[in-house]
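Rule-based calculations on the coordinates, nothing more; no lab input. Quick caveat, the model's predicted, so the values are computed rather than measured.
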Amino acid sequence: MKIRYKTAFKSLLFVSAATLLTACQTTPTFRSVEHIDFRADRYDELRLVADFNDCKNEGLELDRRAQESKDFSLHLASAEKLLSCHYELDGEISLVDQEQNMKVVALSAQNFIKGGSIDRARVASEVFDLSFGGRDLVYPDGSSFKQSMSVILDNSENINQFALASTNARPKLKKEIRRAWHWMVN
């Protein structure tokens, strides 16, 4: 009889322990769904960044080929591709490195100029101004991207040597503007 009580007691103890252990486990409901949603969102963000980098590399390759061949159409193709990289971020520009994104838009503006599309260069320059809140890029010679674009895009028949001299545009660009003004007057 003692053996039965011991066996019954052990069985009861085992069933109680098993019940307590299963009661402590959480059921995969809300937290799992939340976790899956987070992973899906994170995957989408990483895919967007990877797509931006692929697009940027394709645009830079077109730019390299345009530099080598001096083909205006390749400059325009590169500019279109680079600007599309920025547009494809669809308002999620905080996901990519801001300086890299700034360089992409700036290079697209420059390539539109090299390709002869001043109107599209103005659009790219405006996109740069609107997207990056007054930030600017500085060339290795210390000149300003925004002021260089301003000299090119806002160049008018009004010859103002002082205004040109006081801008932080690229020296080679200012020299070329002065040359053009000289031939307009003489």
What does the convex hull of the alpha-carbon atoms of the range 44-165 project to on average, in nm²?
8.1 nm²
What does the extension gain come out to for D51 and S150, with contour length at 0.36 nm per residue minus their alpha carbon separation?
32.6 nm
Cross-link candidates for K70: which aspartates and glutamates have Cα within less than 16 Å, leaving aside residues fewer than 8 places away along the same chain?
E61
